[in-house]
Every structure is written in C-alpha cells, then in structure tokens.
Amino acid sequence: MVDIEQLLNSLNFRPIGEQNGIIKRVKGVISNTKPNPQKLFVAEGIWLASMCLRFGTHIECLIVCPEHVRTPEVAELIKNLSAKTPDRFSVSAKTYEKISEKGQPDGIMALAALPQWDIAKFNPPEKSVILVIDGVEIPGNAGTMLRMADGAGADAVFFCNRKVRMTHPKLIKASQGAILTVPTFEFSSVDECYGWLSSHGFTVYLADTRAPHFHYDEPFGKNTAIVVGSERYGIAREWYEKEYSMIAIPMLGKCDSLNVGVAATVLTYEACIKNKLKGRHKDNT
C-alpha cells in the first residue's frame, strides 16, 4: 500500500486550510459566485480527474486529501497529475468535505479549465453535422447532448442564446468527458450563429413537430445544422425569420413531443449516419 503522506511530501504538496484563497476559489467556481473568464471547473474524483489527464486538459491546481485516498489507483493518478501543475495542495478531511460534492470522496480534485475553441480556426469537413443548442436551460440536458454529439460523430456543438453555465457540475458530469473533446462554440444571437452557418454552406434544420416530413425521409448528404430549442419555449422565433427547413420525429403515442436531449439524439444520429457512414458498410443481408 502506498504511503500517501510520504508521496505528497515527495511531490511537494503544500498543506492549506479552509480559509486559504485556493479553497475559496474552488468554492466560487462550484457556486458560480465569482467571475470565471478562464472557464474553470472542478474535476473531482478518479473518473473526471482521469479524463482531464487523458485529454490534456489544462490544470490550474491539484488538491488532495490524504485521509480519503484509499487505493493505489488514486496514488498513481496523483503522481501523473502532479506533473501537469506546479500548484499542489493537501487538505484535511474536514476542509475537503466542505468543498466536495461526492458522498464518498476519492480524495482528489483538480481545478481545471475548459478547452478554448477558436471559431476562426474551425474548418468543418465536407458533409459536416453541427448540433445547435438554442436557449436550453437545464445543465444535464446540455451535457447529455454534448455526450451524444461525441457518440454520433458530430463535428461541433454550437450554443446559441446560452442559458446554462458551461462549468456547471451537472453539465460536466452529464457530458461524460465530451465537454473536453467536442469542439464547442458560443454565439450571442441567432443572427451571429445563422450568419456563420450560412457563410459556410450549411442547411439549417429546425426540430419542429409541425414539419411536413420526418427525419428518416430526409437524405441529408450536405453540410447540416440541426437546431433544437429550450425545454419551455422551443426554438427562438428569430430562427423562423431565416432560410430553413423543418424536420420532425413521428409521435405514435399519447405525448406530443420528446425531451430535447432525446430529440437531438434521434435527429443528429440520423444526419451523421447518412452523412458519414452511408456507403462505408457492406450489405450483410
């Protein structure tokens, strides 16, 4: 078994208390009570800290509670993450539990930064698929759609009229690491977002139950933007003042619509399969 105290001493971890500015900074990021221009988030636990290591996420500082470190896996992760930042701190169980959001903490957390994607350097390939999330308000839904976009092979996710905090713990968790890998861009208005899509040859599809045809009837095969709207208000009316097509998912039961994350999944996968997989697999029948 690894002597965690000895390991932390060898890696030059500095002990700090609850009143230290680092702890206050972590609390501010979690509660979103302080300005956060760097888009810092708290990566707590083995899984999320490992994702940061795997994807080369920038680490501001590493915080470890030796009393909660129980496995060699965590000790090895501490060593690997320590090589990524000079700012390493150890805290007591009492202090750690004040900032932890886990019922059974692993004793490791990193203050990390979301990737900074530059739209000026984003060059979508031919037959790209972009998911446009317009005004979605629930962090878990936004994170789920990021995870789905990664699974479907979408080329980017655009947030328009953003209502969710990108560093919200529920969004980070629901994305299952996709927030660190999927190119994600923010647009302050429909005009700005549509202007970019139009200038890059994208056909805009609005997810709307009033559409005259269903998703499986659309051939796609071109640069495609799928727009989904907020849970309460749907797609912003400004989109309907642009050039667009509407597309629907058939509702065969009693409900008249799907959760926005489910609808985005159906439509995005349909577009990605037709744009990216069509003709790649032999017919096995």
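The values are calculated or read from the model by the stated rules, or taken from the named source; none is laboratory data. These figures come from a predicted structure and were not determined experimentally. Because the Cβ atoms are built from the backbone with ideal geometry, glycine has one as well, and the counts that use them run over all protein chains shown. When the accessible area is computed, the model is the full protein with side chains, heavy atoms only, and any ligands, DNA or RNA have been set aside. Shrake-Rupley method; radii C 1.70, N 1.55, O 1.52, S 1.80 Å.
Brief remarks on what is shown
- Cα gyration tensor category, rounded, prolate or oblate, for region 201-255 with a/c compared to 1.5: oblate
- Figure note: E192, E67 ranked by solvent-accessible area, largest first, 1.4 Å probe, ligands and nucleic acids not counted: E67, E192.
- Spread of Cα-to-Cα distances over 10 Å intervals beginning at zero, given as percent, for the chain: 6, 26, 28, 19, 14, 6, 1
- Using R0 = 35 Å, the C-beta based FRET efficiency linking D3 and N32 works out to 0.40.
- Calculated log₁₀ intensity ratio I(q)/I(0) where the Debye formula runs over C-alpha points of region 13-56, q = 0.15, 0.19 Å⁻¹: -0.48, -0.74
- Dipole magnitude of region 175-229 about its Cα centre (Cβ charges: Lys, Arg +1; Asp, Glu -1), debye to nearest 20: 120 debye
- Positive-end residue of L48, I273, V260, charge dipole of the chain with Cβ unit charges: L48
- Residue-wise HN-Hα couplings along region 37-47, as the Karplus relation 6.51 cos²θ - 1.76 cosθ + 1.60 with θ = phi - 60° gives them from phi, are x, 7, 6, 7, 9, 9, 9, 9, x, 4, 4 Hz; Gly and Pro carry x.
- Rg/Rh for region 145-211 stands at 0.99; both radii use Cα atoms, and Rh follows the Kirkwood definition.
- Taking all pairs of distinct alpha-carbon atoms in region 1-93, Kirkwood radius in angstrom: 13.9 Å
- Sites listed here are GluC sites (Glu not before Pro) in region 18-66 whose DSSP assignment is loop and whose Cβ has at most 16 other Cβ atoms within 10 Å: E18.
- Selected from D134, D87, D256 as most flexible by GNM, with the chain as the system and alpha-carbon contacts under 10 Å: D256
- DSSP-defined antiparallel bridges as percent of all bridges, region 1-127, nearest 5: 65 percent
- Its relative contact order, with pairs defined as Cα atoms under 8 Å and 6+ residues apart, puts region 135-285 at 26 percent.
- Length-normalised contact order for the chain - Cα pairs under 8 Å, 6+ apart - percent: 18 percent
- Kirkwood hydrodynamic radius of region 166-267, from the reciprocal of the average inverse Cα-Cα distance over all distinct pairs: 15.2 Å.
- Shape parameters for region 70-117, alpha-carbon atoms, Rg then Dmax in Å: 12.3, 37
- For the residue pairs K102/K276; K173/K222; K170/K242; K98/K163, alpha carbon separations beyond 30 Å are given by K102/K276; K173/K222; K170/K242.
- Cβ charges +1 (Lys, Arg) and -1 (Asp, Glu), total dipole of region 92-159, debye: 220 debye
- The chain, helix-only ellipticity at 222 nm - DSSP H runs n ≥ 4, -39,500 (n - 2.57), divided by all residues, nearest 500: -9500 deg cm²/dmol
- At most 15 other Cβ within 10 Å, DSSP loop - GluC sites (Glu not before Pro), region 204-250: E231, E243
- Once you divide the Cα radius of gyration of region 96-184 by 2.2 N^0.38 Å, the number left is 1.21.
- Residue-count net charge about A154 - beta-carbon cut-off 12 Å; Lys, Arg +1, Asp, Glu -1: 0
- Taking all protein chains together, H58, H200, H168, H68 sort by accessible area into H58, H200, H168, H68, largest first [probe 1.4 Å].
- Helix 72-82 vs. the chain, principal-axis angle (Cα, 0 to 90°, nearest 10): 80 degrees
- Spin-label pair K222-K254: with each label point 7 Å from Cα along the Cα-Cβ axis, the two points sit 4.1 nm from one another.
- Residue separation of S10 and K102 scaled by 0.36 nm, minus their Cα-Cα distance, works out to 30.4 nm of gained length.
- F41, F122, F214, ranked by accessible area, largest first (probe 1.4 Å): F214, F122, F41
- Dipole magnitude for the chain: computed about the Cα centre from +1 point charges on Lys and Arg Cβ and -1 point charges on Asp and Glu Cβ, it is near 300 debye.
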